[in-house]
Structure formats: structure tokens, C-alpha cells
Amino acid sequence: HDDEIEKLILPGVGNAKVAMDVLNETGLSDYLRAEVDKGTPLLGICLGMQLLLETSEEGNVPCLGFLPGTVPLFGEEAEKVPHMGWNQVQDVQNHFLFQDIPDNTDFYFVHSYVIQPEDPSVIKGYTDYGMMVPSIIEKENLTVFQFHPEKSGRVGLKILENFVRC
């Protein structure tokens, strides 16, 4: 039952257009919009982060639109595309999910597109990859990561544990 759902996780591996097609065809996009409007906490991971913005260049597709902004392909300033491997997440601004995790901790990334929110105040952490990549975004009941906590060992599991417990 819907009233039993306390939190949602929108994971992500794959292609923005294919993912949005599935979300739209199954009615999950409307469901997610309704839950977010009700204030249900949503954790987005990687593509799940990118889908929360308005549009993605990956398939030139409209996304869920929870956050104003776009998701372009990495530019020439990126070290290598795709961004794959371990990198530090820095400038984490006292985020509750990072309780007991020090700033500049390494997390696992794999992506070719980078979010560009219109409002920079929603960016709560960055990763230096030849450019400053927004790697943590938070706005109201939305918290999203460009990295994969589930592939980031103990620190990633700690983040997921913090999300479940909050």
C-alpha cells in the first residue's frame, strides 16, 4: 500500500531515454512525481540523479523535472569519458547522509553525462574530474548522488544505512 512507503530509491545504470520510456510507459514517472509532491524522501543514484533534472542530452529526452537544469555530455575539460573509477567527493556541507564519513572520501563513479542544475545552491558536494562535477545534490526531500554508493564499499553502505535510518 502507498501509505506504507516511507522512502524511495531511484537507482540508475543505463540510458536516459530508455529509462524515461520505461518510467513513462509503466506509470512510474507519475507515481514518483506524486510521492515527491507528498514529501516522500527520494534518493537518486547516478542515472537516477540525472533523471531528476528537466532534460538530458542522452537521447535528448525530457526527464522528471524535479530540478531545473540539464544533463549534457562531458565537455573537453573532462579527464576521460566515461568517468569511471574512484574519485573523491569534496565540500560535503554537513550532509546528514555523510555522518561518520570524512570529507574527500573516495566513491565509485561511472558516467558520461554531468548534471548542470540552474540553482547552484542545491549542489552539496563536488568531484574534481578536470572540471568540478556536482556529485551530491539536495533540495527538500530529494538527495541524489552521481556516484554509486552500492559499489563504494563500506562508506557507500554507511550512506545507505544513514538514509534508511533518517
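The values are calculated or read from the model by the stated rules, or taken from the named source; none is laboratory data. A quick note: this is a predicted structure, and the numbers were derived from the prediction, not measured. Because the Cβ atoms are built from the backbone with ideal geometry, glycine has one as well, and the counts that use them run over all protein chains shown. When the accessible area is computed, the model is the full protein with side chains, heavy atoms only, and any ligands, DNA or RNA have been set aside. Shrake-Rupley method; radii C 1.70, N 1.55, O 1.52, S 1.80 Å.
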* To do: Looking for whichever is of a type in the set (Gly, Ala, Ser) and not in a strand (DSSP E or B) here; the options are 75, 85. Which one fits?
  => 75
* To do: State whether the residues of the range 130-148 include one that is without any contact (Cβ under 8 Å) to a residue 60 or more places away in the chain and touching a Lys or Arg at 6+ places or on another chain (Cβ under 6 Å).
  => yes
* Of all residues in the range 60-94 being closer than 23 Å to residue 156 by Cβ and among the acidic types (Asp, Glu), the one that is most open to solvent (accessible area, probe 1.4 Å) -> 79
* **Cross-chain or 6+ apart pairs with Cβ under 8 Å, the range 154-166 first and within 10 Å of residue 143 (Cβ to Cβ) and among the hydrophobic types (A, V, I, L, M, F, W, C), then open to solvent by less than 70 Å² (accessible area, probe 1.4 Å) and in a helix (DSSP H, G or I)** => 159/97; 159/98; 159/149; 163/97; 166/97
* Cβ-Cβ below 8 Å, separation at least six or inter-chain, first residue in the range 47-71 and of a type in the set (Asp, Glu), second open to solvent by 10 Å² or more (accessible area, probe 1.4 Å) and part of a strand (DSSP E or B): which pairs? -> 54/62; 54/68; 54/70; 57/70; 57/73; 57/113; 58/73; 58/113
* Does residue 113 count as of a type in the set (Phe, Trp, Tyr), over 14 Å from the mean Cα position of the chain (by Cα) and either loosely packed, with under 15 Cβ neighbours inside 10 Å or farther than 16 Å from residue 66 by Cβ (or both)? -> no
* Structure fact -> Filtering the range 126-166 for residues that are surrounded by fewer than 21 Cβ atoms within 10 Å (Cβ to Cβ), farther than 21 Å from residue 41 by Cα and either under 16 Å from the mean Cα position of the chain (by Cα) or small (Gly, Ala, Ser) (or both) leaves a count of 5
* Asked: Can you find even one residue in the range 8-29 that is closer than 17 Å to residue 138 by Cα and charged (D, E, K, R)?
  -> no
